[in-house]
1. Checking the structure you have, find out if any residue of region 24-40 is of a type in the set (S, T, Y) and over 27 Å from E110 (Cβ atoms).
2. On the given criteria, is R24 basic (K, R) and surrounded by 12 or more Cβ atoms within 10 Å (Cβ to Cβ)?
3. Hey, F232 hits all of (1) in contact with a Gly (Cβ under 9 Å, 6 or more places away or on another chain); (2) within 11 Å of the ligand (Cβ to nearest atom) but one; which does it fall short on?
4. Picking from E61, E83, which residue would you name as being of a type in the set (D, E, K, R), more than 24 Å from the chain's Cα centre (by Cα), more than 30 Å from E140 (Cβ to Cβ) and surrounded by fewer than 10 Cβ atoms within 10 Å (Cβ to Cβ)?
5. On the basis of being away from the ligand (no atom under 16 Å from the Cβ) and not assigned by TED's automatic domain parsing to the domain that holds M23, does A188 make the cut?
6. Restricting attention to region 191-229, report how many residues are under 18 Å from N8 (Cα atoms), away from the ligand (no atom under 12 Å from the Cβ) and of a type in the set (D, E).
7. Mind listing whichever residues of region 81-112 are in contact (Cβ under 8 Å) with a residue 40 or more places away in the chain and closer than 15 Å to Q71 by Cα?
8. Are any of the residues in region 150-160 farther than 28 Å from Q35 by Cβ, of a type in the set (F, W, Y) and either within 15 Å of the ligand (Cβ to nearest atom) or modelled with pLDDT of 95 or more (or both)?
Amino acid sequence: MQLDALWNYMQFDMEADRFESGMRKSPNRLKLLKQRDFLLEQQNNMKKVESNIAVMNDRLEAVRDEADRLQGVLAKLTDELRENPPETIEEIEKQLAAAQKLEGTLRQYEQELARMRKESEQLDRMQRDIRTSAARTKAEYDELKRSYEVEFKDAQVKLNELKARAEEEGKAIEPTMMARYRQIKQHAMPPMAKLNGDRCGGCNMSLPAATRDHLNTGNDIVECDNCGRILFVPTMRA
Ligand SMILES: [Zn+2]
């Protein structure tokens, strides 16, 4: 009886599937994935800090150049005053005001430079911290990866055994029936359900009379009208 064989096959198939999904949920694997995400995040943070440092260095250079230029202007102005001292009060006041304005601007630049140096130190610290914690995580990750690889290899051997056993059982199933089973498996797990009174054992919906009649008469695959599972009646039928 094909459906009995299919039901039997399903037990092995499900066992292999359960084992495989257990492998995916392995604590070591989940921890590795988490560490990998963390490392990627640190890499992104590092890129951000590096680009901030580059922007900061450009600005630092620009402000420094501008401060140098103004210092030159101020020195020139002072020389001119020495060589050619102003004669009227108005002229003295005018020159004085110009010099004071330049000095004010220079002070602002100095403040900005001091602020940027502080910010730059902060960025350097941040960069060091990221590097340290990334290196620590990377070392943990590498170690965990090595032990997980051993674990995975062993599990893979077991999984292959389970799959081979299921495949062996599956040889008794007609290809068309197997194809249908696989199709149903895409949307219903497990893909077969026992009949439970007049209900589908998979989704618990009560089956229409026509479906039940079909189950009792035919030898074909009969699917639940609601969930689409292959219905299975284990007892021998007339
Ligand atoms: Zn159902």
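The values are calculated or read from the model by the stated rules, or taken from the named source; none is laboratory data. In this text the structure is predicted, and so the values were computed from the model without any measurement. Every residue, glycine as well, gets a Cβ built from its backbone with ideal geometry; the counts of neighbours run over all protein chains shown.
1. Looking for residues that are of a type in the set (S, T, Y) and over 27 Å from E110 (Cβ atoms), one finds at least one in region 24-40, hence yes.
2. Working: basic (K, R): yes; surrounded by 12 or more Cβ atoms within 10 Å (Cβ to Cβ): no.
Spelling it out, it is not the case that R24 is basic (K, R) and surrounded by 12 or more Cβ atoms within 10 Å (Cβ to Cβ).
3. Every listed condition holds for F232 apart from (2).
4. Matching residue, one of E61, E83: E83.
5. Against the criterion (away from the ligand (no atom under 16 Å from the Cβ) and not assigned by TED's automatic domain parsing to the domain that holds M23), A188 does not qualify.
6. Summing the residues that are under 18 Å from N8 (Cα atoms), away from the ligand (no atom under 12 Å from the Cβ) and of a type in the set (D, E) in region 191-229 gives 1.
7. Scanning region 81-112 gives Y109, E110.
8. Initial filter on region 150-160 (farther than 28 Å from Q35 by Cβ): none.
No: zero hits.
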